[in-house]
Every structure is written in C-alpha cells, then in structure tokens.
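K.L.:
Just passing along the structure, written as structure tokens.
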Amino acid sequence: MKYYYDLHIHSCLSPCGDNDMTPDSIAGMGELNGLDVMALTDHNSCKNCPAFFKAAYRHGIIPIAGMELTTAEDIHIVCLFNELAGAMEFDGVIDKRRTAIKNRPDIFGEQRISDENDNIIGYEDNLLINAVNITLEEVPEFASYYGGVCFPAHIDRQSNGLLAVLGFFPEKPYFPFAEVHDREKADEYANRYKKRILVSSDAHYLWDINEKSVFAELFCDRENAARELINYLRGAV
C-alpha cells in the first residue's frame, strides 16, 4: 500500500517556524493535501509532538514524533521515533545537552508550546537552533536506544546539510537514507551517493507542506504504518 508522507515539518515551537504552524493546522493541512503520514520535527525539541498526535488522529493522519537535531558539527539530522514516549525520553536527554542561551523572540521568533486545540500552553525560553553536544557519529546509536532512526536532512542545501559541512558521506556512521528538499534532485543524489532518497518539505509555513506526491510502499495496515515506516528507514523491511 502507498503511504504518502512528509517527514520533516516544523511547528510554531521552532523559532523559524511560522506562528500559524500549530499542531492542529499542520495536521489539517496534511489532510487537505491528501497525506497519510506526517512527522513533526522541530529544532532540538519534541515538545509539540504530544499535541500533534492528538490533532493528527482527529484529522485521520498517521503521526510520527521526531526532531531535527543539530549535531556538534552543525549538521542537521532528522530523528524519527517508533513511539511518542521514546521521542519524549529522547527530548529530555537532548535538553540536558543543549547550550542554554536565552531566545530573543524579536530576532529569532517565538518558540510556542501548544495543545491539540492550538492554545499556547508555554514557551521554550532557550534558543533551539544552536548545536547540541552530540556528535554526528553518536546520533544513530543514540536515537536507536530510544526506538528511533535518523538520516541527514536536506543534503541538497548549503545551510547545515551534511554535504555542505563535510563535503562527503563519512563511512561512519553509515546512513542508508538521506533527505532532499527538491524532488527533482532525488534521482541525481541517489545515483551519485548510492543512497535511498526521501523527499520532505522542511516546512516552516503551512503552504510548504508536501502535497500528495511522494510515498513509501509498505505492506501493512494503517495501524502499523508508522512502526513499519521506521523499520523501512532502518533497512529492516
């Protein structure tokens, strides 16, 4: 069965995310766009994932909890988790590895924590876009411990992409998958780097979210789709 996805989306918690990127609005846009699976991946935080799960179920979307982690090398890595509980445990550990620099909402934007009805229930006080004290080599094992899988984000971009920072894919850690933002570059990057390529939006505005265009073919029902997709990204299926 084809599951149409967008696995890299920012909410109003990310300082660069538009304030209209609330959990319910994101899920609602996914429903309008005909998506099946959506992952919420804020910068260095999963704190809007619980609200996103409740909103997603209401809109018929299969939710995945995630994070766009900034490594010590300033490389962006998307981390996705089997279970919401594992993602929130990961979030708690990442909190302790972040550098505590107060956010300047007038410069970087607000970092809003919302409930499933888009009410603001808090703010993240420290800036979320800084590098975390965890190296690129550590990330896969670290994410796996909490039931997660990870892959390099937007390798076709200059800003914080693995190729832009390093210039190559390292032998360790090995990433079977990588993400591009531009769908037209997917085949080129797959052939050049011998990777399986995902195409996600890295949405910061509602109109950025993928339409019904890219999919993963999974042999399971909707109830098990999130878990099977994570296994697929591990190379297990």
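The values are calculated or read from the model by the stated rules, or taken from the named source; none is laboratory data. Treat the numbers as computed from the prediction; the structure is a model and nothing was measured. Backbone-built Cβ (ideal geometry, glycine too); neighbour counts: all protein chains shown.
K.L.:
For residues that are of a type in the set (Asp, Glu) and touching a strand residue (DSSP E or B) at 6+ places or on another chain (Cβ under 9 Å), scanning just the range 159-187, find the one that is nearest to Ile75 (Cα to Cα).
P.N.:
Initial filter on the range 159-187 (of a type in the set (Asp, Glu)): 171, 179, 182, 184, 187.
Right, trim to touching a strand residue (DSSP E or B) at 6+ places or on another chain (Cβ under 9 Å) and you get 179, 182, 187.
Values: Glu179: 13, Asp182: 18, Asp187: 22 Å.
Only one residue fits best here, namely Glu179.
K.L.:
Check off (1) at pLDDT 95 or above; (2) of a type outside the set (A, V, I, L, M); (3) in contact with a His (Cβ under 8 Å, 6 or more places away or on another chain) for Cys16 and give me the number that stays unchecked.
P.N.:
The single condition Cys16 does not satisfy is (1).
K.L.:
Give me a count of the residues in the range 60-79 that are within 16 Å of Glu141 (Cα to Cα), of a type in the set (Gly, Ala, Ser) and either assigned to a strand (DSSP E or B) or modelled with pLDDT under 95 (or both).
P.N.:
Of the residues in that region, 1 qualify.
K.L.:
Among the numbered conditions (1) within 19 Å of Asn130 (Cβ to Cβ); (2) in a helix (DSSP H, G or I), tell me where Ala85 comes up short.
P.N.:
Condition not satisfied by Ala85: (1).
K.L.:
What are the residues in the range 127-145 that are within 15 Å of the chain's Cα centre (by Cα) and within 21 Å of Ile9 (Cβ to Cβ), if any?
P.N.:
Hits for the range 127-145 are Leu128, Ile129, Val139, Ala143.
K.L.:
OK, next. Counting only residues that are farther than 24 Å from Ala85 by Cα and not hydrophobic (A, V, I, L, M, F, W, C), which one in the range 18-46 is nearest to the chain's Cα centre (by Cα)?
P.N.:
Taking the range 18-46 as the starting set, the residues that turn out to be farther than 24 Å from Ala85 by Cα are 18-20, 29, 31-34.
Filter again for not hydrophobic (A, V, I, L, M, F, W, C), leaving 18-20, 31, 33-34.
Details: Asp18: 16, Asn19: 18, Asp20: 18, Glu31: 18, Asn33: 18, Gly34: 19 Å.
Only one residue fits best here, namely Asp18.
K.L.:
Among the residues of the range 153-162, count how many are within 17 Å of Ala190 (Cα to Cα) and either modelled with pLDDT under 95 or touching a Lys or Arg at 6+ places or on another chain (Cβ under 9 Å) (or both). Spell out how you get there, then give the answer.
P.N.:
Step one: filter the range 153-162 for residues within 17 Å of Ala190 (Cα to Cα), giving 153-157, 161-162.
Subset that is either modelled with pLDDT under 95 or touching a Lys or Arg at 6+ places or on another chain (Cβ under 9 Å) (or both): 155-157.
Count: 3.
K.L.:
For the range 1-17, what are the residues that are within 30 Å of Leu218 (Cα to Cα) and more than 14 Å from the chain's Cα centre (by Cα)? Spell out how you get there, then give the answer.
P.N.:
Step one: list which residues in the range 1-17 are within 30 Å of Leu218 (Cα to Cα), which gives 1-11.
Of everything in the range 1-17, those that are within 30 Å of Leu218 (Cα to Cα) and more than 14 Å from the chain's Cα centre (by Cα) turn out to be Met1, Lys2, Tyr3, Tyr4.
K.L.:
Name the residues in the range 145-192 that are among the hydroxyl-bearing types (Ser, Thr, Tyr) and free of Cβ contacts under 8 Å to residues at least 60 places away in the same chain, would you? Give the steps one after another, and end with the answer.
P.N.:
First pass over the range 145-192, keeping only residues among the hydroxyl-bearing types (Ser, Thr, Tyr): 145-146, 159, 174, 189.
Across the range 145-192, the qualifying residues are Tyr145, Ser159, Tyr174, Tyr189.
K.L.:
Return the residues of the range 10-59 that are surrounded by fewer than 24 Cβ atoms within 10 Å (Cβ to Cβ), outside any loop (DSSP other than H, G, I, E, B) and in contact with a Phe, Trp or Tyr (Cβ under 7 Å, 6 or more places away or on another chain); say none if nothing qualifies.
P.N.:
Once the filter is applied, which keeps residues that are surrounded by fewer than 24 Cβ atoms within 10 Å (Cβ to Cβ), outside any loop (DSSP other than H, G, I, E, B) and in contact with a Phe, Trp or Tyr (Cβ under 7 Å, 6 or more places away or on another chain), the range 10-59 yields only Val37.
K.L.:
Could you please find all residues in the range 183-230 being in contact with a helix residue (DSSP H, G or I) (Cβ under 9 Å, 6 or more places away or on another chain) and assigned to a loop (DSSP other than H, G, I, E, B)?
P.N.:
Across the range 183-230, the qualifying residues are Lys195, Ser201, Asp202, Ile209, Asn210, Glu211, Lys212, Ser213, Val214, Leu218, Phe219, Cys220.
K.L.:
For the range 158-180, state whether one or more residues are touching a Ser or Thr at 6+ places or on another chain (Cβ under 9 Å) and on the phi > 0 side of the Ramachandran plot.
P.N.:
yes
K.L.:
Filter the range 188-237 for residues that are under 22 Å from Phe169 (Cβ atoms) and in contact with a His (Cβ under 7 Å, 6 or more places away or on another chain) and give the result.
P.N.:
Answer for the range 188-237, where residues must be under 22 Å from Phe169 (Cβ atoms) and in contact with a His (Cβ under 7 Å, 6 or more places away or on another chain): Ser200, Asp202.
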